[in-house]
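The next block holds one structure in the form of structure tokens; read it before the comments.
The values are calculated or read from the model by the stated rules, or taken from the named source; none is laboratory data. Given the structure is predicted, the values throughout are model-derived calculations rather than measurements. Because the Cβ atoms are built from the backbone with ideal geometry, glycine has one as well, and the counts that use them run over all protein chains shown.
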Amino acid sequence: MTIARKSIGSFLDIPSFSLRTTWFAFALAGSIYATDTTSLFAQQTAAATDLRTESPEPNGSPPEPAIAPTPDPWLKATALLEQHCYCCHEGEQKEGGLDLKKYDSIERIVADRPMWDTVRRRVLAGEMPPRDHEPLPVELRQWFAEWVQNVFREFACQGKPQPGPNPLRRLNRNQYSNSIRDLLGIHFDAGHSLPIDGAGGEGFDNAAETLFLSPIHGEKYLEAAKEALDYSAKDESSRRLIFHKLPDANTTPVDAAKAVIGRFASRAFRRPASDAEIENLLKLYQTAMQRKSSFEQAVYYALQGVLVSPQFLFLVEPTVPGSEAQPIDPYSFAARLSYFLWDSIPDQELRDRAADGSILKEDVYRDQVVRMLNSPKVRPMAESFIGQWLGTREIGRRIKPDSKLFLKFDDELAAAFREEPVLMFQHILKENRSLIELIDSDYVFVNSETFRFYGLKENRPENLVQNLEKCQLPPGHLRGGVITMAGPLTVSSYPNRTSPVLRGKWVLETILGAAPPPPPPNIEPLSEKPEDKAGKTLRQRLELHRQNPACASCHATLDPIGFGLEHFDSIGRYRDKDNGLPIDASGQLTSGETFQNALELKKLVLQRKDQFVRHFTVKMLGYALGRGLVDSDYCIVDQLVADVKEHDYKIQRLILGILRSPAMQLRPPSEITPPLNTQTSNQ
Amino acid sequence: MNILKNKSLSRRTLLRGAGAALALPWLEAMQIRKLLGSEQENVPAKAPVRMAVLFMPNGVPPKKWTPEGEGADFKLSPILEPLAPFQKDILVLTQLWNKNSDSGDGHYVKTAGLLTSTTINKTVGVDLNCNGVSMDQVAAQKIGHLTPLPSIELGIEPVAVGIDGVVGYTRVYGAHIAWRGPTSPLAKEIHPRLAYERIVRAGGQGGDSLQADRSVLDRVMEDAKQLQGQLGANDRRRVDEYLQSVRSLEQRMDRLANHQGDPWKPRASYDGMTQPGEKIPDKHLEHCRLMIDLMVLAFQTDTTRIATFMFGNSVSNINFAWLDGVSDAHHSLSHHQNEEDKLRQYERIAKWHMEQYAYMLERMKSLREGEQSLLENSMVMFGSDLRDGNAHDPHNLPIVLAGQGGGRITTGRHLIYLRNTPLANLYLSMLDVMGAPVEQFADSKEKIPLQA
């Protein structure tokens, strides 16, 4: 608590930050750093260890007395190291040149990040301690890994609030298409021929890190620009949108061209185009005029220059000189907001609010957020975010159930599976509902096919055909929320059977952000031999598999969750039997809690809703920033979670919190933007 | 020698080359125009060497891969059986391994490092780095300027969504075997129509539109250079990637405008071909064959001399249940646990890949270039990044090299090396054949003699 409050206090010392009062009030609203690892700082401060030279308190007031809660993480960690690691990694005979005992303070650990990343990874993976030594139970490995991570995160939260890195982002394929759609006012997927982008960071394809450029991109952008502009030239309303000025008695063609090109470039670049930029583009117009093009053709030719300019293709923000983070400018903020919620360029209203600078005021952007979330333009973001977070975007593409076993699974059903979470998310966004509904809702979105599929009889929406509609669930129904949705249940199955392991992993990884470490190498997977399968349910076979101690520790966390979902087949249909035997959907979590079926399992997940909200916040922040989170971002995450918890988990509160956070409001100095290749790896 | 006197390609030859098994609508309509008479004087006798790498994910059932016997006297294994008509045109290479991919996880490290022979960084994005350049791109950097496109990268599956949180790698790695630089994987084209358009556009554009594009690109270069001045080092690198992509396009336009490039004139042009359909074919077989056709097209028109193709991405779980005797998906079956039934299906899938490889060889062998066939002037490597999919082991990788590389490769042999011979040794030799020799490639020790 002490450190956190101090760090926020120092955040106030940035004089130019216009919204500091708001952020301050917001940040103090909840209990911050409730995690037990905080106390390691308290411990260190109290003990006044060697390397600490000054208190992080900026105004020199005495630190609050440190209370050491139990169990103390620092002591727990050193005890673990003592018991399992020092025997080899100490002093003269240190194995692999690694003397772990010399890291006797937080500062020393933090100063050697690459080494500790490796230590953390190898312990988590079970590579250390090595085979001939006493193994560490998986819970301890996970605890230790988290502890190391928290050491770095907590350390990063001291001192001034940090915006984190701000790597230059290229528009991804979706953003490119949406931007062209809005720029030209056409319904045409201009990005259809661009290479498909991979995902990085928090798992989204808008992450700057993985938006690389290949030689193929240059020509693809050129061709796509030509194609889109051709389309526009044939579309009356699109032409009217672009040519707001035409040559007439009072306007020379050059002046009209300048006006049209200037306005278009300013929209595309998400800030007013400079005179020099407009002059440059005008040269293209003039070149075309010399080749006897018509006025319109010549302007369109110049617009090609806009659409292939890096100023359009990259989300460029002005340079931040000096060595201090600076508040964001209104145009950059409008663009960030727009690419966060719409995955597209700012519209007229956002541009106006940027032009008068008011977009930086909280009441103004709060209204804009509400307006934006109510616009149909929010759909691409909803689709892209939820589809990638849950993995449902791949249904019907990479994820296809075995067509011989699931005759009913056709393209339409696949589309409905993909669509359901998108509509639910859009509904939550628009109506500012609680995030918790994603886990547990009393409604589903269905079409006539999935209405039947979910075994629903009551509350059938009127005229229900192919489009999905909201449908109220009867009390006690198993469905409601993403865990029992057909899409995620399909994503976490094999093409030909369910997998309690994959489903358990899906829930832990996707919902709770706590994936277990990967299986040890060369492990014998589950036997599919007919003689091993006969007369057993999948559950019974997995229980046998778990008798192998090497497998047991992880599977004890994974399998029970999956067992709870065994009433759903591999495309999410309800079933009573597996392999002719009745389903047993009961289970016990490693924490000791038991459940009888999916409904009770969901209740247990709900008891961990803060863990879910934290994970969801990490995802949302990663999407908003278009990059993977770094240590200092987790200070923001903690504050966001505390805040949204105090506000009934309302999603708009989370979105506003993200917009208010230092990561959005501040920009790091350009020259010291942390390089893309900082973390070391594989040694 | 005047190649015009030689038998030129007829549509019938081509169809025969396509194999009776599958007459593609696109291929059927394809016509190859004779070379323009006026340019014949400059045509050198020697056709250039072309190189393709075909990647198959998920490894092979190890006991069904290696041929019996050694040297010229060998008996094809069950998986290699589709190559029977080409036994004299192939080298089967046994006991090569890719040492630097023997860490990390079971798949991504192996796939992304297959042609780089390096260890990639473990990351979900921030420090994406393969720590090398792939073998095909080493060649492209040396000889790529001789053709409209330095290289083409084709595939079937789009980059999979998300990051693999469990093993801690971005799936971007698993979708790329071609790396122009440590941080620059090459995006691959998976849409046959788009790939076709790119090939044709690259080779055929000219006149006014070329000039017009050139002016637009000049603007881009100015913008980009101006932008570079405002950016920190890492952002500058991103913009530089864009600059390079634009520059390579400009260079291509210049070469076209000035009729530069290699004096060798290809036998075939793009005229009169029907383009592939608007949609990506639903059927995996048809999709793969179209992509193979496109590689052959790019080679025979000399649009490029270097191609890589991925039958699937790392951990590919393409469902092969449509294939006779198979009921499951590729990656699932590769975890066969030595069960007979799974091994049989796994083998069938590997053999299916070999059939597609054979299809490509058949096409290339049927296309004449002077006195040789296109296959004789090429080398086509087939390989997987794993030996046994159940063990994820990069020892003794399944590797075949087909084609005589313009007379630089003595084919028709099964070569068995000492265990742990670097795969990079083969790359060293292949780069030699391509006319792009290097002293050292990753962990290479010495060249593998390809000529008897």
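State whether the residues of the stretch B:89-109 include one that is surrounded by 22 or more Cβ atoms within 10 Å (Cβ to Cβ), within 13 Å of chain A (Cβ to nearest Cβ), over 24 Å from A:Pro114 (Cβ atoms) and in contact with a Ser or Thr (Cβ under 8 Å, 6 or more places away or on another chain). Within the stretch B:89-109 (the criterion being surrounded by 22 or more Cβ atoms within 10 Å (Cβ to Cβ), within 13 Å of chain A (Cβ to nearest Cβ), over 24 Å from A:Pro114 (Cβ atoms) and in contact with a Ser or Thr (Cβ under 8 Å, 6 or more places away or on another chain)), the answer is yes, since at least one residue qualifies. Within the stretch B:135-149, does at least one residue satisfy the condition of being at the interface with another protein chain (Cβ under 9 Å from one of its Cβ atoms) and in contact (Cβ under 8 Å) with a residue 40 or more places away in the chain? So far as the stretch B:135-149 goes, yes, one or more of its residues are at the interface with another protein chain (Cβ under 9 Å from one of its Cβ atoms) and in contact (Cβ under 8 Å) with a residue 40 or more places away in the chain.
Among the residues of the stretch A:177-214, those that are within 13 Å of chain B (Cβ to nearest Cβ), touching a Gly at 6+ places or on another chain (Cβ under 7 Å) and within 23 Å of B:Glu157 (Cβ to Cβ) comprise A:Ala199, A:Gly200, A:Gly201, A:Glu202, A:Gly203, A:Phe204, A:Asp205, A:Asn206, A:Ala207, A:Glu209, A:Thr210. With respect to (1) among the charged types (D, E, K, R); (2) more than 10 Å from chain B (Cβ to nearest Cβ); (3) under 19 Å from B:Gln211 (Cβ atoms); (4) surrounded by 15 or more Cβ atoms within 10 Å (Cβ to Cβ), the lone exception for A:Asp230 is condition (4).
Scanning the stretch A:342-355 for residues that are hydrophobic (A, V, I, L, M, F, W, C) and either surrounded by 24 or more Cβ atoms within 10 Å (Cβ to Cβ) or not in a helix (DSSP H, G or I) (or both) returns A:Trp342, A:Ile345, A:Leu350, A:Ala354. Counting the residues of the stretch A:518-575 that are assigned to a loop (DSSP other than H, G, I, E, B) and modelled with pLDDT of 85 or more gives 9.
When you go through B:Ala307, B:Ala298 one by one, which is the residue that is crowded, with 22+ Cβ neighbours inside 10 Å, assigned to a helix (DSSP H, G or I) and either within 14 Å of another protein chain (Cβ to nearest Cβ) or not acidic (Asp, Glu) (or both)? Lay out the reasoning, then the answer.
Working: B:Ala307 fails: assigned to a helix (DSSP H, G or I).
Result of the check over B:Ala307, B:Ala298: B:Ala298.
Can you tell which of B:Glu250, B:Glu286, B:Glu278 is modelled with pLDDT of 90 or more and of a type in the set (Asp, Glu)? Result: B:Glu286 is the single residue among B:Glu250, B:Glu286, B:Glu278 that is modelled with pLDDT of 90 or more and of a type in the set (Asp, Glu). Restricting attention to the stretch B:413-440, the residues being among the polar types (S, T, N, Q) and touching a residue at least 24 places away in the same chain (Cβ under 8 Å) number 3. Here A:Glu223 meets the list (1) under 27 Å from A:Gly391 (Cα atoms); (2) among the acidic types (Asp, Glu); (3) facing chain B (nearest Cβ under 10 Å) almost entirely, failing just condition (1).
Within the stretch B:60-75, residues that are at pLDDT 95 or above sit with their Cβ atoms under 8 Å from residues that are surrounded by 13 or more Cβ atoms within 10 Å (Cβ to Cβ) and among the aromatic types (Phe, Trp, Tyr), at 6+ positions apart or across chains, in these pairs: B:Val60/B:Tyr346; B:Pro61/B:Tyr346; B:Pro67/B:Phe74; B:Glu68/B:Phe74. Within the stretch A:122-137, if we keep just the residues that are within 14 Å of another protein chain (Cβ to nearest Cβ) and surrounded by fewer than 19 Cβ atoms within 10 Å (Cβ to Cβ), the residue that is farthest from the chain's Cα centre (by Cα) turns out to be A:Glu127.
Quick one: count up the residues across the stretch A:273-324 that are touching a strand residue (DSSP E or B) at 6+ places or on another chain (Cβ under 6 Å) and either at pLDDT below 95 or more than 10 Å from chain B (Cβ to nearest Cβ) (or both). Here the count works out to 2. B:Glu157 - would you say it is within 18 Å of the chain's Cα centre (by Cα), facing chain A (nearest Cβ under 9 Å) and assigned to a strand (DSSP E or B)? Spelling it out, it is not the case that B:Glu157 is within 18 Å of the chain's Cα centre (by Cα), facing chain A (nearest Cβ under 9 Å) and assigned to a strand (DSSP E or B). Checked against (1) over 20 Å from B:Leu285 (Cβ atoms); (2) crowded, with 22+ Cβ neighbours inside 10 Å, B:Met364 passes all but condition (1).
Do we find a residue being within 30 Å of B:Asp127 (Cβ to Cβ), touching a helix residue (DSSP H, G or I) at 6+ places or on another chain (Cβ under 8 Å) and not small (Gly, Ala, Ser) anywhere in the stretch B:198-220? The answer is yes, given that some residue of the stretch B:198-220 is within 30 Å of B:Asp127 (Cβ to Cβ), touching a helix residue (DSSP H, G or I) at 6+ places or on another chain (Cβ under 8 Å) and not small (Gly, Ala, Ser). Scanning the stretch A:267-284 for residues that are closer than 17 Å to A:Pro318 by Cβ, in contact (Cβ under 8 Å) with a residue 40 or more places away in the chain and part of a helix (DSSP H, G or I) yields A:Ala268, A:Phe269. When restricted to residues that are within 13 Å of another protein chain (Cβ to nearest Cβ), in a helix (DSSP H, G or I) and surrounded by fewer than 18 Cβ atoms within 10 Å (Cβ to Cβ), the stretch A:376-414 contains 1.
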